[in-house]
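Here the structure comes first, spelled out in structure tokens, and everything after it is commentary.
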Amino acid sequence: IAFSCLSSLAAVAQPKTQPVSQPLVSNIYTADPSAHVFNGKLYIYPSHDIESGVKEDDNGAHFDMRDYHVLSMDSPGVDSPAGKVTDHGVALSVKDIPWAGRQLWAPDAAVKNGTYYLYFPLKDKEDVFRIGVATSKHPEGPFTPEKAPMAGTYSIDPCVFADVNGEYYMYFGGIWGGQLQRWNNNHYTADAKLRTPDEAAILPRVARLAADMKHLAEAPREVQLLDETGKPFLEKDNAKRFFEAAWVHRYKGKYYFSYSTGDTHNIAYAIGDSPYGPFTYKGVVLPPVQGWTNHHSIVEFKGKWYLFYHDVQLSGKTHLRNVKVAKLTYNPDGTIVPVSAYR
Ligand code: FUB
């Protein structure tokens, strides 16, 4: 009996808790890494987490970030030798943004004609999330913000995707603290409720950018996300429906829309034939990591693909995160091999 007890104990799967990769930097807390290759180098545009003392609530008030730092590296550090990571210091501070209320959340960046654009979500003075833009002649900044948020933008987590034809598209949105549930047909209702389980899931938004990269060229539209049978998700499909953290990349002529499922903590992805979608659900890229949030980017560097993500290895606290990188591979049919963040 004793023997069989022991052997059945041994057979119980132990939780995987040993990280397969280490934080890219440990001098500051960083999260939501948007990675890009500019001038042959990897630049990472993360949130800069701090302990500001603001009390935790369901809207994420404790994610009270006040500036951005840009990181860069000559190689991703998952190969040997590990790449050195440079923290370029403060690239943009909330005190320099004229329309600022509070909370600088997950940013993204793009380059066009030698100018670098930093896109960032921030609550305005009415406590409504908008998306701002700031420019620099250098990928690492410092960035100079526009005087007002981008007209027609709302909610959080901008992702700017540069298509092969020279057009740029901005994806954005996040539910709960990200306020996307307050926006219907691009109109705002302050006291709008989250949807009930049998209602259609709230969808992320996309708009093409104008030639000046500082305006939307069109009204934001919903990004259609479909399940494997071609049906839109319901709110109760929360292991697969969109929550926040949109990212778009292109692989072998297809568009990959990846995102966080939020309260179920997956990074999931869907594939489509156009930057506007529709995108059909294909699976999970990254299962839940330590900490409540899961937020990532996917980038090709020197012919190999990488997943940037975060967890809370350094602090153990959900609002004090650290960015990491892992290799990403595809199956021959173009589906993504899920990344294991722990062993
Ligand atoms: O960093 C603040 C918020 O947490 C981001 O905007 C979300 O995507 C989540 O990672």
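How big is segment 209-343 by Rg and Dmax over its Cα atoms, in Å?
So, for segment 209-343, Rg and Dmax equal 15.5, 46 Å respectively.
For q values of 0.16, 0.19, 0.22, 0.30 Å⁻¹, compute log₁₀ I(q)/I(0) with the Debye formula on a Cα-only model of segment 259-323, without solvent.
Summing over Cα pairs of segment 259-323 leads to -0.62, -0.80, -0.96, -1.22.
Please find, in a Gaussian network model of the chain (springs between Cα atoms separated by less than 10 Å), the residue of Q224, Q18, Q103 whose mean-square fluctuation is greatest.
Looking only at Q224, Q18, Q103, the biggest GNM fluctuation is shown by Q18.
Between K236 and D273, 0.36 nm times their residue separation minus their Cα-Cα distance comes to what?
Details: separation 37, 0.36 × 37 = 13.32 nm, distance 2.67 nm.
Stretched out fully, the K236 to D273 stretch lengthens by 10.7 nm.
Normalized C-alpha radius of gyration of segment 66-207, against 2.2 N^0.38 Å?
Numbers: Rg = 16.9 Å, N = 142, 2.2 N^0.38 = 14.5 Å.
Against the compact-globule rule of thumb, the ratio is 1.17.
Along the principal axes of its C-alpha atoms, what lengths does segment 192-281 span, in descending order and rounded to whole Å?
Each principal axis gives a Cα extent; for segment 192-281 these are 40, 36, 22 Å.
Hey, can you rank 29-42, 328-341 by average C-beta count inside 10 Å, highest first?
29-42, 328-341
Kirkwood hydrodynamic radius, computed over distinct alpha-carbon pairs, for segment 142-298: how many Å, to one decimal? Please report the intermediate quantities before stating the final value.
Values: mean 1/r = 0.0626 Å⁻¹.
About 16.0 Å for segment 142-298.
To the nearest 20 debye, what charge dipole does the chain have about its Cα centre, counting +1 at the Cβ of each Lys and Arg and -1 at the Cβ of each Asp and Glu?
Working: 35 positive and 37 negative charges, 116 e Å.
Dipole about the Cα centre, nearest 20: 560 debye.
Taking the Cβ-Cβ separation of L194 and D74 as r and a Förster radius of 30 Å, what is the calculated FRET efficiency to the nearest 0.05? All intermediate terms of the calculation are to be shown ahead of the outcome.
Values: r = 44 Å, r/R0 = 1.46.
For R0 = 30 Å, the calculated efficiency reads 0.10.
How large is Rg over Rh for the chain, taking Rg from the Cα atoms and Rh as the Kirkwood inverse mean of 1/r across Cα pairs? It would help to have the intermediate numbers written out before the result.
Details: Rg = 19.7 Å, Rh = 20.3 Å.
With Rh from the inverse mean 1/r over Cα pairs, Rg/Rh is 0.97.
When you have a sec, figure out the Kirkwood radius of segment 105-174 from all distinct Cα pair distances and drop it here in Å to one decimal?
For segment 105-174, inverting the mean 1/r across all distinct Cα pairs yields 12.4 Å.
For segment 205-238 and segment 37-61, what is the separation of their C-alpha centers, rounded to whole Å?
23 Å
Name the residue from N186, T280, G166 whose Cα lies farthest towards the positive end of the charge dipole of the chain, charges +1 on Cβ of Lys and Arg and -1 on Cβ of Asp and Glu.
G166
Could you rank the peptides 115-121, 285-291 by their average count of other C-beta atoms within 10 Å per residue, with the highest value first? Working shown, then result.
Details: 115-121: 23.7, 285-291: 20.6.
The peptides rank, most packed first, as 115-121, 285-291.
Stick to Cα atoms and the Kirkwood definition of Rh, then tell me Rg/Rh for segment 205-258. Show your work: numbers first, answer last.
Values: Rg = 13.7 Å, Rh = 13.3 Å.
Using only Cα positions, Rg/Rh for segment 205-258 is 1.03.
Starting from the Cα gyration tensor of segment 8-151, multiply each eigenvalue by 5, take the square root, and state the resulting semi-axes largest first in whole Å.
Working: eigenvalues 182, 107, 28 Å².
Equivalent-ellipsoid dimensions as semi-axes: 30, 23, 12 Å.
Based solely on its DSSP helices, what 222 nm [θ] is calculated for the chain when runs of n ≥ 4 H residues each add -39,500 (n - 2.57) and the sum is averaged over all residues, nearest 500 deg cm²/dmol? It would help to have the intermediate numbers written out before the result.
Values: 1 runs with 10 residues, N = 343.
Computed ellipticity for the chain at 222 nm equals -1000 deg cm²/dmol.
No lab work stands behind these numbers, since they all come straight from the coordinates. Keep in mind that what you see is a predicted model, and the values were worked out from it rather than measured. No Cβ is skipped: glycine too gets one built from the backbone with ideal geometry, and neighbour counts run over all protein chains shown.
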